[in-house]
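Written out below as structure tokens is the structure these notes cover.
The values are calculated or read from the model by the stated rules, or taken from the named source; none is laboratory data. The structure presented is a predicted model; accordingly, all values stated were derived computationally and were not measured. Neighbour counts run over all protein chains shown; Cβ positions are idealised from the backbone, glycine included. In case anyone asks, the SASA skips ligands and DNA or RNA and just uses the protein heavy atoms, side chains included. Shrake-Rupley method; radii C 1.70, N 1.55, O 1.52, S 1.80 Å.
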Amino acid sequence: MNYDELSKEVAYALRHSPGKYELELDANGWVLVDQLLKSLRKSDKWSHIELDDLKKMIEKSEKKRYEILDDKIRAFYGHSTPMKIQKKEMKPPSTLYHGTSRRFLESIIKNGLVPKTRQYVHLSEDIHTAILVGKRRDTAPIVLKINSEDAYKNGVKFYFAHETIWLADAISYDFISY
Ligand code: HQG
């Protein structure tokens with residue numbers, strides 16, 4: 001089984017278009033694993049998929065994108081569905097990082113970091129992750145340093161996603177440097 005491919009399809013179902021899979025995310029993004037499996041099995045590619053395959057997909061991935069708890073599964077971050085997934089608001093580490101393309105810099109300086117098509121701005125605790133995120137769109141990405149301590153003190157809300165990934169609402173460039 002191609003777990004990368006499976007992960008991409010699951011991302012589509014759990015982050016972006018649950019309706020297309022006849023799924024409805026609850027307020028925290030959970031769906032029943034059985035419903036996801038049933039829906040995936042409708043396509044020839046995943047017609048024999050089992051819970052174990054989802055578990056292996058999570059295990060084998062370098063990034064922890066999904067979580068299975070009891071009979072439910074959810075994506076930790078990345079959502080673009082119209083109904084905002086509720087995340088746990090938390091005090092962030094004093095510094096966070098965001099990797100992005102050189103071509104976005106001018107607009108970010110002017111408008112700050114905004115969630116674009118997703119529900120939240122995505123940030124990481126370490127520079128290495130930020131570089132990897134930025135490299136998805138630019139061979140020589142820039143890494144922005146977020147003064148999250150000041151942003152938090154000034155009312156910007158931060159949410160913990162998982163491991164090194166943090167989420168936030170829009171962040172003004174006053175709290176950003178690079
Ligand atoms: C940019 C992947 C212009 C922002 C990754 C980013 C991450 C602006 C892009 C996760 C802007 C949005 C999220 C502004 C922000 N003007 N551009 N004012 N404000 N941007 O994909 O953070 O592998 O929605 O810099 O690894 O790149 O799928 O967000 O470049 O963890 O698990 O607008 O998705 O995770 O792009 O990536 P995205 P992201 P997975």
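Simple spin-label model, 7 Å along Cα-to-Cβ: LYS135 to SER101 in nm?
Each label point is offset 7 Å from its Cα along the Cβ direction, giving 1.8 nm.
Express the accessible area of the chain per residue in Å², computed with a 1.4 Å probe while the remaining protein chains stay in the model.
Details: 10320 Å² over 178 residues.
Ligands and nucleic acids excluded, the result is 58 Å² per residue.
Need one number: nm distance between label points at ASP70 and LYS42, each 7 Å from Cα along Cα→Cβ, rounded to one decimal.
Taking the two extended label points, one gets 2.6 nm.
How much of the accessible area of the range 13-69, in percent, comes from carbon and sulfur atoms when a 1.4 Å probe is used? Write out the running numbers ahead of the final one.
Values: 1590 of 3450 Å².
That fraction is 46 percent.
Using a 10 Å cut-off on Cβ atoms, rank the peptides 137-150, 80-93 from the highest mean neighbour count down. Before the final figure, lay out the partial values.
Values: 137-150: 16.6, 80-93: 14.0.
So the peptides 137-150, 80-93, ranked by packing, come out 137-150, 80-93.
Would you please put 49-60, 158-169 in order of how densely packed they are, using the mean number of other Cβ atoms within 10 angstrom per residue and starting with the highest? Don't jump to the answer; show the numbers that get you there.
Details: 49-60: 15.0, 158-169: 19.8.
For the peptides 49-60, 158-169, the packing ranking is 158-169, 49-60.
State to the nearest 20 debye the size of the charge dipole of the chain about its Cα centre, where the only charges are +1 on K and R beta carbons and -1 on D and E beta carbons.
On the way: 30 positive and 26 negative charges, 110 e Å.
With only Lys, Arg, Asp and Glu charged at Cβ, the dipole is about 520 debye.
What residues have an amide H closer than 5 Å to that of TYR66, excluding those fewer than 5 places away on the same chain, when H is modeled at 1.01 Å from N in the peptide plane?
The answer is PHE76.
Using θ = phi - 60° and the Karplus relation 6.51 cos²θ - 1.76 cosθ + 1.60, list the HN-Hα couplings for the range 151-164 in order, rounded to whole Hz, with x at every Gly or Pro.
Each residue of the range 151-164 in turn: 4, 4, 4, 9, x, 6, 8, 10, 9, 8, 9, 5, 6, 9 Hz.
Using the Cβ atoms and a cut-off under 12 Å, what net charge is assigned to the surroundings of ASN2, where Lys and Arg are +1 and Asp and Glu are -1?
Numbers: positive: LYS8, LYS45, LYS56, LYS60; negative: ASP4, GLU5, GLU9, ASP53.
After counting each charged neighbour, the total is 0.
Can you check what the net charge comes to around LEU96, using other residues whose Cβ is under 11 Å from the Cβ of LEU96 (Lys, Arg +1; Asp, Glu -1)? Can you show the working numbers first?
Working: positive: LYS145; negative: GLU125, ASP126, GLU149.
Local charge sum for LEU96: -2.
Given contacts defined as C-alpha pairs under 8 Å and at least six residues apart, what's the relative contact order of the chain, whole-number percent?
Details: 307 pairs, mean separation 37.8, N = 178.
In percent, rounded to a whole number, it is 21.
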